[in-house]
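Here is the structure we will look at.
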Amino acid sequence: MVYNDTTVEPVEDGKRAANVWRNKPKCTLDNRKYSSKLPTISSLSLGLLLLISLASLTSSCTEQEKGSLHQFLAELSQDGNLSMSWRNDRNCCVWEGITCNRNGAVTDISLQSKGLEGHISPSLGNLTSLLRLNLSHNSLSGYLPWELVSSSSISVLDVSFNRLRGELQDPLSPMTAVRPLQVLNISSNSFTGQFPSTTWKAMKNLVALNASNNRFTGQISDHFCSSSPSLMVLDLCYNLFSGGIPPGIGACSRLNVLKVGQNNLSGTLPDELFNATSLEHLSVPNNGLNGTLDSAHIMKLSNLVTLDLGGNNFNGRIPESIGELKKLEELLLGHNNMYGEVPSTLSNCTNLKTIDIKSNSFSGELSKINFSTLPNLQTLDLLLNNFNGTIPQNIYSCSNLIALRMSSNKFHGQLPKGIGNLKSLSFLSISNNSLTNITDTLQILKNSRSLSTLLMGVNFNGELMPEDETIDGFENLQFVSIDDCSLIGNIPFWLSKLTNLQMLDLSNNQLTGQIPAWINRLNFLFYLDISNNSLTGGIPTALMEIPRLISANSTPYFDPGILQLPIYTGPSLEYRGFRAFPATLNLARNHLMGAIPQEIGQLKMLRTLNISFNSISGEIPQPLCNLTDLQVLDLSNNHLIGTIPSALNNLHFLSKLNVSNNDLEGSIPTGGQFSTFQNSSFVGNSKLCGSNIFRSCDSSRAPSVSRKQHKKKVILAITLSVSVGGIIILLSLSSLLVSLRATKLMRKGELANNRNEETASFNPNSDHSLMVMPQGKGDNNKLTFADIMKTTNNFDKENIIGCGGYGLVYKAELPDGSKLAIKKLNSEMCLMEREFTAEIEALTMAQHDNLVPLWGYCIHGNSRLLIYSYMENGSLDDWLHNRDDDASSFLDWPTRLKIAQGASLGISYIHDVCKPHIVHRDIKSSNILLDKEFKAYIADFGLSRLILPSKTHVTTELVGTLGYIPPEYGQSWIATLRGDIYSFGVVLLELLTGRRPVPLLSTSKELVPWVQEMRSVGKQIEVLDPTVRGMGYDEQMLKVLETACKCVNYNPLMRPTIMEVVASLDSIDADRNT
């Protein structure tokens, strides 16, 4: 780098950064959001800089500075090739990313986006002339050295978009000298804890603070403004702050930007906040704030450019004084409880670019608003309100409008013709109103040449689908939805002219005719929904030739497309781009006939295929198994015959399968995803067999054959008896009675087995040998079922040592003195013998020092037994919650830490190493067993694989045990690796606090919310178990608490992986006795 002789004054740095943030009003996570921006330098200035640099070539940095930089380099595991430039034989002032002043002192370090990994060395704090440090957009980890925050020279510090973690702790001794720091950007990291209170007292010069997208908790400090009177930018969005917005914020007389969205804030906007009259951007979306907008208060903020109150619980009307905000450009009030008419004074906000008031209860006619005074308006979103009347003509005077959404209101009449004036309009949604005349609507819209998204469903009820070939001009359309209109007619030819079309939805109409052959001309089409119509004919091969469904590289140019407004398809599904939608072919509920084309195997990009409720015949084509990325396959309610191709078990992403109500036969494939599909996926196929439908393939036909043979024998006996005389008749009748009685007894026995009368099948004299795994040693390989019955005293309740959702566990002591644990699974839940054996063999592949060893298994009638090693010290649950009062029953902290580390290694193995990966589904302290050395073992892993899909927690109830169940399971009921992490986080909290996840007394709080609340008010030390607190391990315990709280994050995506948990716990091991 050339030497920089013109040092920018620190105050100017702060103002420049504030301007950058001020021009970024929305609280988003754009990676470019907070990138450093240097001021524009004129050619004359560049020439002057060059002259100065040439004049100062003799200056060089000191050996001390070079040493500090090399120490920083040494702590990087990936240096982005800096070592090639940072050589000892070169002046460090010419090193990459380094700038010096004319005296050779390092003033700037700019190493953003260099791919750096490793830790930030505190040695950078030794650079006494360093003014600006930018390490943003790398992969740096560890803690932020306090030496940098408290530096006596640094004015701009940017470490955003890294992997830094830990708390910003107060210094051991309070800083007395005022620090020069003006800009601090620590956004998009993993910092936790509360903001230190004493730190900011020395930050009198702070101008801009960005701590967004971290995991800070507690309340927002009320002292920012008193400590930093020059504060202009405060960005704390995307954290876990709770409580209210502090009134002290109103004392920030220079505050331009306040962003606290995406937190857990509550209460009203404090009156004092409106004293911050310099505010230009007030952004508080997605919290729990409430109250009304006071007319007198709102007019105080006359400098507002952005007002974002979306996603809260605000109610009441928009105040008339909104018209006083002459500088307002963005009004974002969506997803609240506001009502009433939109005031006509909004027309006075002539600089408005965005009006977003969706999902409220606003009403009235829009004609009262003079849109002609809003020439700069680009986005108008009125979704989900109660507006009525006709769409006003003057809305089309907003010539710069790009996105217009008026869907889900009560508009009626026809679309005004003036919309053709909107030359920039790209997104138009008018669906779910009562509009009429679809033909004129399309003729009007064809003049909007920039239109890329057109959503107009749930209108035009019962009209004729226009087939006028003069409908053209939609050359830029990428997404068309004309669904739920009950339109009659055919799929129109004019759609074939939409050469850029990617998504087409004509579902829920009354269209007839055949699927047109021209469909394969739409080169970019990847989403087609023509379900619930009256289409006839076969599935054309043209559908199998759509380029984008065949290959992502089949078209030379492909615009992925963006949506100017997000599209919602459910309460939690939001799409912001076309690529977010799955490649789909939905032909369901028509009158299609014939076979599924063999060419279906070409559609490698397909994610969803639905041909249900048609009259499709023939077999399921084998090439369908080539669609390895398929997630949804619905072939139900057709006339399919033959078998289900076994290779479908290779579709590892298949999450939904339905072949019900066909005429399929044979066995249902096993393995892969088939073990997760419910009975309802296969019902209505009387010739199918398999565990999914509780019909054994081995014996399903045997009973009918044996009964026929039995009847033939009876008839033959009677015939012979007639021919040989009365004595033989009597003998035959006696034989018949005995036979019938035997049959009756046999059926009675079958019913008893079906009712899970397990004791009927227990025969102490049985010779059945146990199928022992390769881990079995010595005499264990010779165990018989009789041995197990004997050692458990016929499974006497006195030998029960554990119980759970899958069955009871019994202690078995062998004649040689060794002990085993026998888990007797609930037999009505288990797979058939063949599938059970296959799953057991798969589980034997999971072998790790921290998994309970599975020695063997036994299948005896309806009984399923698993043989495990016996653990002398029982479960962690026993030691934490069922202990005696004597001191010997308490676990000290080193033992608890050892247990946590061991258990994490076991979970890491089943999550990341063994094949297939295993989601435990029920991690809890009673499933962590301890041997005589208190080594931890994970128990019950993989047991869900041995249970029928209809009997698992996944399909019948929440997955896991109360207190350990992740919050997201209440919505999806699908177990995930992230869900296991949450459950393990609860176990860590048990180890730390000694408390149960769910208290015995209903008056007490559950463990997770109690810990989170205590941490939010700075009382984390008080959550620690009093029996181990104050024993010299508090610092370690608080580090584990930090890890545990990350694990129980409400957002699954914010939880660490198990490898990160293992690394965190292992790092604490090195700090033992600290």
key: Residues (at pLDDT 85 or above, farther than 16 Å from L627 by Cβ and outside any strand (DSSP E or B)) located in segment 648-673   = S660, N661, N662, I668, T670
ask   = Taking segment 217-240 only, how many residues are more than 19 Å from M203 (Cα to Cα), crowded, with 23+ Cβ neighbours inside 10 Å and touching a strand residue (DSSP E or B) at 6+ places or on another chain (Cβ under 7 Å)?
value = 3
key: Residue satisfying all of: in segment 138-163; without any contact (Cβ under 8 Å) to a residue 40 or more places away in the chain and part of a helix (DSSP H, G or I); surrounded by the most Cβ atoms within 10 Å (Cβ to Cβ) among these   = L148
task = Could you pull out the residue among G570, G513, G577 that is modelled with pLDDT under 95, more than 28 Å from N626 (Cα to Cα) and among the small types (G, A, S)?
result = G570
request  = Please identify the pairs in which a residue from segment 199-222 that is of a type in the set (F, W, Y) has its Cβ atom under 6 Å from the Cβ atom of a residue that is in a loop (DSSP other than H, G, I, E, B) and crowded, with 23+ Cβ neighbours inside 10 Å, counting only partners at least 6 apart or on another chain.
outcome  = F216/N239
key: Flag if G166 is closer than 30 Å to L1038 by Cα, surrounded by fewer than 17 Cβ atoms within 10 Å (Cβ to Cβ) and touching a helix residue (DSSP H, G or I) at 6+ places or on another chain (Cβ under 8 Å)   = yes
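Let's see how each residue does on (1) part of a helix (DSSP H, G or I); (2) buried (at least 17 other Cβ atoms within 10 Å of the Cβ); (3) at pLDDT 90 or above; (4) not assigned by TED's automatic domain parsing to the domain that holds L962:
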| residue | (1), (2), (3), (4) |
| --- | --- |
| V986 | yes, yes, yes, no |
| P999 | no, no, no, no |
| S1004 | no, no, no, no |
| V1008 | yes, yes, yes, no |
| T1027 | no, no, no, no |
| M1037 | yes, yes, yes, no |
| E1042 | yes, yes, yes, no |
| L1053 | yes, no, no, no |
| V1062 | yes, yes, yes, no |
note = Counting only residues in segment 85-119 that are in contact with a Gly (Cβ under 8 Å, 6 or more places away or on another chain) and hydrophobic (A, V, I, L, M, F, W, C), the one surrounded by the most Cβ atoms within 10 Å (Cβ to Cβ) is identified as C93
task = Return yes when G942 is at pLDDT below 90 and crowded, with 20+ Cβ neighbours inside 10 Å and no when it is not.
result = yes
request  = From L380, L384, grab the single residue that is assigned to a strand (DSSP E or B) and within 39 Å of the chain's Cα centre (by Cα).
outcome  = L380
inquiry  = Which condition from (1) crowded, with 21+ Cβ neighbours inside 10 Å; (2) more than 23 Å from N523 (Cβ to Cβ); (3) within 38 Å of the chain's Cα centre (by Cα); (4) not polar (S, T, N, Q) is the one that D484 breaks?
reply    = (1)
ask   = Quick one: which of N263, N256 is crowded, with 18+ Cβ neighbours inside 10 Å, of a type in the set (S, T, N, Q) and in contact with a His (Cβ under 8 Å, 6 or more places away or on another chain)?
value = N256
Single match in I391, I395 (criterion: out of contact with any Cys (no Cβ under 8 Å at 6 or more places or on another chain), in a loop (DSSP other than H, G, I, E, B) and of a type in the set (V, I, T)) = I391
request  = Name, by its number, the condition in (1) assigned by TED's automatic domain parsing to the domain that holds M406; (2) closer than 26 Å to L231 by Cα; (3) of a type outside the set (A, V, I, L, M, F, W, C) that does not hold for P270.
outcome  = (1)
ask   = If we keep just the residues of segment 120-137 that are of a type in the set (A, V, I, L, M) and not in a loop (DSSP other than H, G, I, E, B), which is surrounded by the fewest Cβ atoms within 10 Å (Cβ to Cβ)?
value = L124
task = Give the residue that is surrounded by the fewest Cβ atoms within 10 Å (Cβ to Cβ), with candidates limited to residues of segment 450-474 that are within 20 Å of G418 (Cα to Cα) and at pLDDT below 85.
result = T470
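Rundown of residues vs (1) of a type in the set (A, V, I, L, M); (2) at pLDDT below 65; (3) closer than 23 Å to G985 by Cα, yes/no style:
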position	(1), (2), (3)
E828	no, yes, no
E839	no, yes, no
H860	no, no, no
S869	no, no, no
E872	no, no, no
S875	no, no, yes
D878	no, no, yes
N882	no, no, yes
message = Can you name every one of the strands (runs of 3 or more DSSP E) wholly within segment 261-346 that holds 2 or more residues which are within 23 Å of N239 (Cα to Cα) and free of Cβ contacts under 8 Å to residues at least 40 places away in the same chain?
response = 264-267, 288-291, 313-316
Verdict on T453 being of a type in the set (V, I, T) and either in the same structural domain as R405 (by TED's automatic domain parsing) or touching a strand residue (DSSP E or B) at 6+ places or on another chain (Cβ under 9 Å) (or both) = yes
note = Conditions (1) without any contact (Cβ under 8 Å) to a residue 40 or more places away in the chain; (2) within 34 Å of the chain's Cα centre (by Cα); (3) part of a loop (DSSP other than H, G, I, E, B) -> L352 fails only (2)
ask   = Looking only at segment 475-500, which residues are closer than 14 Å to I438 by Cβ and acidic (D, E)?
value = D483, D484
ask   = How many residues are of a type in the set (S, T, Y) and crowded, with 20+ Cβ neighbours inside 10 Å if we restrict to segment 291-344?
value = 1
query = Does any residue in segment 648-668 that is touching a residue at least 24 places away in the same chain (Cβ under 8 Å) and farther than 19 Å from S696 by Cα come within less than 9 Å, Cβ to Cβ, of a residue that is in a loop (DSSP other than H, G, I, E, B) and among the charged types (D, E, K, R) six or more places away or on a different chain, and which pairs are these?
reply = L651/D629; F653/R607; F653/D629
request  = Within segment 636-644, identify whether any single residue is assigned to a strand (DSSP E or B) and either in contact (Cβ under 8 Å) with a residue 60 or more places away in the chain or crowded, with 17+ Cβ neighbours inside 10 Å (or both), and answer yes or no.
outcome  = yes
note = When segment 409-430 is checked residue by residue, the ones that are surrounded by fewer than 19 Cβ atoms within 10 Å (Cβ to Cβ) and outside any strand (DSSP E or B) are Q414, P416, K417, G418, G420, N421, K423, S424
ask   = Can you tell me which of S113, S83 is in a loop (DSSP other than H, G, I, E, B) and without any contact (Cβ under 8 Å) to a residue 60 or more places away in the chain?
value = S113
task = Report whether or not P246 is at pLDDT below 95 and within 34 Å of the chain's Cα centre (by Cα).
result = yes
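The values are calculated or read from the model by the stated rules, or taken from the named source; none is laboratory data. Note that the structure is predicted; figures quoted are calculated from it, not measured. A quick note on method: Cβ atoms are made from the backbone with ideal geometry, for glycine too, and the neighbour counts reach across all protein chains shown.
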